[in-house]
Every structure is written in C-alpha cells, then in structure tokens.
1. Mind listing the long-range amide H neighbours of N178? Cut-off is under 5 Å, sequence gap 5 or more, other chains count too, H placed in the peptide plane at 1.01 Å from N.
2. Could you sort 172-185, 255-268 so that the peptide with the highest average Cβ count within 10 Å comes first and the rest follow in order?
3. Would you compute, for the Cα atoms of the chain, the largest minus smallest coordinate along each principal axis and list the three values in descending order, in whole Å?
4. If you take the square roots of the eigenvalues of the alpha-carbon gyration tensor of the stretch 39-104 and sort them as a ≥ b ≥ c, do you get rounded (a/c under 1.5), prolate (a/b over b/c) or oblate?
5. Given Cβ point charges of +1 (Lys, Arg) and -1 (Asp, Glu) and nothing else, what value in debye, to the nearest 20, does the dipole of the chain about its Cα centre take?
6. Give me the extension gain from A296 to D76: residue separation times 0.36 nm, minus the current Cα-Cα distance, reported in nm with one decimal.
7. Check L207: other-chain or 5+ apart residues with amide H under 5 Å from its amide H, H built from backbone geometry?
8. State in Å² the accessible area per residue of the stretch 70-165; use a 1.4 Å probe, count heavy atoms of protein chains only, and round to the nearest integer.
Amino acid sequence: MELSTRIRTMAGSVSGAWDIFFRARALAEAGKTIVELTIGEHDERTDPAILDAMYNAARAGHTGYAAMPGTDALRDAVADRVTRQTGVPTARRNVLITAGGQFALFCAHHAVLDEGDTALMVEPFYATYPGVIRSVGGRPRTVAARPEDDFQPRADAIDAAVTAAADDGAPAKSLLINSPNNPTGTVYGPATLGALADVCKARDLWLISDEVYETQVWDGTHLSPRALPGMAERTMVVGSVSKTFAMTGSRCGWLVAPEEAIAHMIELTTQTTYGVAGFVQDAALYALQAGPEFEARIAAPFHRRRDLALKVLDGQNTVTAVPPLGAMYVMLDIRQTGLSGIDFANRLLDRHGIAVMPGESFGPAAAGHVRIALTVADDLLEASLRTLCTFAADPDS
Ligand code: PMP
C-alpha cells in the first residue's frame, strides 16, 4: 500500500542527524563505555518536589481528561510569566498548553501556513524544524546565520529570502527563530531582534519565537520579540518546562499567541493530542510558581560547565569555541583539522568513545563544527574535552 508523499518526505535529509546518537546508544548497549555529549537532556532528574506535586495531583484524582487548552491555573501562570517578561499584557486566552514545545511548534506552523507556503527558519537550526514545517504542508527555506557573524541572523538575508520565496511562487508567511539558540548558544540581543521585527512588519511575516531555553542566558538577558513595538499581534512564543525544570519526559509546553489563533489551535488540540495530562499540568504549575532561585539552580550546572569548557579550550588552537551566551551547548569550530563535522564525530566516537553532534546535522551553515552538550558531570566533561583537543591536534594518529 502507498503511503502519503507528505509522511514519506517529512523528515527529509536531516533524518541522518541522529545517526551518531543512535550509534552511540547502540555501542553503550553493547557494553562499551561511551561519553554522550549529544542530546540536550539534563544529567539531573526532575526535582523531587515537582514529582511530589505530580504524585499528589494524580492521587487527588487528576487522572482523567484534563481541560483541553490547559487548566485555567496553568494558563494563568504562563500568561503572568509572559506579561512580567515582556511588559505586554498577556491573558489566559493568549495561552495554549501543549505536549511540549515541540507540539507548540507544530501548532504555530499549522496555524500560519497554507499548503505550499514558505516558512523561513534560521540555520543552523534545531533538527526537527524542517520536518515540523513539512508535516503541515509548508516549505522550509533556510537563511544562514554565519560563523563570522557569531551566528546572529541578518535582517537583509531574511528580506532577500522573502523575495526569493515569492519569485518561486511560494510566498513566505513566517519566520522561525530560536534564542537562546540550539545548537550555537547564540543569544539574540535588542539590535538583532529589532531588525528581525522590522523585516517581519515590512514583509508581513508571522514571527515564531522558540524560547524554550529562556532561563539559560549566561551573558546579557533574555529578550522576547513579543515585547517589541507592534510585534505582539504577529508573534507566537513557544515555551516549555522541559529545559527550565528538567522535565523533558513530562511533555508539557505552551504557545502564546493572539487570541484568535489560540481559539483555532484549541480546535487543533481537540483533533490531535487531546491535551496534556492533568497531573503533569499541576506539576508544571508547581514548578512555575517555585520562583527564580529554583529556576536558577536548575540552570546553574550549564553555566558552570560553559565556563569550564571555555577554560579547557583556552590555550590550544586546534579547535575554536564559538563562545555560547546561553543554552546547554558549546559549538566547536573544527575546520582546522580538515575533517567534516561528520567525519570528526565518527572518528571521535570510534577511537575515544566520545559522542558529539556533527554541525552538519543542523544545516550546512554549521559544517565543520561539532556541538557538545554540557550534560555530563564537570570532571567527565573536562576529561572528554581534553581528549577531544588531543584528537583534533592529530586526527590521523
Ligand atoms: N526547541 C528547541 C530549540 C529544542 O532544543 C527542543 C528540545 N531539544 C525543543 C524545542 C522541544 O522541546 P520540548 O518539546 O521538550 O519542550
């Protein structure tokens, strides 16, 4: 039987992005000692206080179908948080609770793209982005953010991509950005965001802003484009408890958007996931109410390890770190070794049992780079980075 073109082509060529990850897992299962510096998963588990909240909610009976757009209390907590962060009045009716930030990305693109429309996204990009866009019938078009610009996207390149998409007969409807950024660790400041907002207004684009790493900013502060003049009505903000509270497995996130868009997306939720488990939502509410110190404690290891990684890499010049301003990763420029990111990662895994993500997994703009997730204990990270540097100095040995 034939399967649809859409499902067969959805993942595209980036499906190979996870090859190293799967190979590392298979080697580990076969008994080899592997240091996994691949995916963005905390080494610490969800805080017991959050688990208590989840358990108590389940025991209190919150195990049936939960409120479809999210519970009133959780939607209000998200709305308050976004109002505080942006200064833009945000209400319950602007918030949809979703199955992780991932489903919020799906909802947002579903809401703004018609079949064949172009969705712009900045490259290097989080590996699922093109698949999300294709899964709703959209056409992903990348705009490269270059290493020489510290991976900050340029507004003129986005403007040119809008024109190119129109010339191709597939008008651009949206721009997807991610700050703090996975994989580069770049944080977009007021100048970058202001310029992007101007293009969105001039070219009538929706701005879909993936802010799942909002609590992981090491230099400067997190700025949401929803805060910029005239942007609230054309911005959709993706948030999640995954990274902020080490709750990746709980699958709880949100989308903040204009009221009319949320009303349609509640319909979409009815036809798809039917919402998020009530006891998970109660746990997320507990976490969101626990306060900034609680959030800072969960983010702290990544800040500390970012500094540690930069210290280890200082004093050698075979690999160069792109200094991350946020998120839980460090991108290393390995072009001096003469290897592609894929070859580097494969050899490092085979020779030293260290798994890193090849830059090519995130699009050609990150070719010749590898991404290190700062998700192992400090001493193991330090030892692994030293091994990586020694390997990079003589990859043929
Ligand atoms: N956006 C980015 C940039 C991510 O890195 C991730 C997870 N790695 C997600 C969205 C999805 O996160 P979740 O669905 O767990 O909230």
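1. D210
2. Highest to lowest by the protection proxy: 172-185, 255-268.
3. Projected onto its principal axes, the Cα set of the chain covers 60, 57, 53 Å.
4. oblate
5. Working: 34 positive and 47 negative charges, 82 e Å.
The dipole of the chain has a size of about 400 debye.
6. Details: separation 220, 0.36 × 220 = 79.20 nm, distance 2.20 nm.
Full extension from A296 to D76 adds 77.0 nm.
7. Under 5 Å from the amide H of L207: L175, T235, M236.
8. Details: 3380 Å² over 96 residues.
Accessible area per residue, the stretch 70-165: 35 Å².
The values are calculated or read from the model by the stated rules, or taken from the named source; none is laboratory data. No experiment lies behind these values; they were computed from the predicted model shown. Note that each Cβ is placed from the backbone with ideal geometry, even for glycine, and that neighbours are counted across all protein chains shown. Heads up: the accessible areas ignore ligands, DNA and RNA and are worked out on the full protein's heavy atoms, side chains in. Shrake-Rupley method; radii C 1.70, N 1.55, O 1.52, S 1.80 Å.
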